[in-house]
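Note sheet for the following structure.
The values are calculated or read from the model by the stated rules, or taken from the named source; none is laboratory data. Worth saying up front: this structure is predicted, and the values here are computed from it rather than measured. Heads up, the Cβs are rebuilt from the backbone with ideal geometry, glycines too, and the neighbour counts pull from every protein chain shown.
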Amino acid sequence: MTKDPVCGMQVDQNKAPATTSYQGQKYSFCGQDCKDKFDKEPQRYAGQSSQTYQSQSEQRPAQKQQQKDKQAQSHQEHVNR
């Protein structure tokens, strides 16, 4: 799993509905809207993704819930834009 650099949502890079490359690095997105935003300002978003999350089993329960809450909030803000 990787993180959509625009909205922060977790994305399976093998099944991502949209991808792009920037400075030799592949970025995966939850959808075309996020890819379009990235393509307009890649320097704004580059570096905020491409870090593979630790597997859920390696994280402590509080960290897992905190991460889920943050992602849900980011995604909701993204959807409401």
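State yes or no: is Q73 in a helix (DSSP H, G or I), surrounded by fewer than 18 Cβ atoms within 10 Å (Cβ to Cβ) and modelled with pLDDT under 70?
No, not satisfied.
Taking into account only those residues within the range 21-70 that are small (G, A, S) and at pLDDT 70 or above, which is surrounded by the most Cβ atoms within 10 Å (Cβ to Cβ)?
Going through the qualifying residues, I end up with S28.
Considering only residues that are touching a helix residue (DSSP H, G or I) at 6+ places or on another chain (Cβ under 7 Å), among the β-branched types (V, I, T) and not in a loop (DSSP other than H, G, I, E, B), which ones fall in the range 1-33?
Within the range 1-33, just T20 meets the criteria.
Tell me which residues, restricted to the range 4-46, are out of contact with any Ser or Thr (no Cβ under 6 Å at 6 or more places or on another chain), of a type in the set (G, A, S) and either within 24 Å of D69 (Cβ to Cβ) or in contact (Cβ under 8 Å) with a residue 40 or more places away in the chain (or both).
Correct list: G31, A46.
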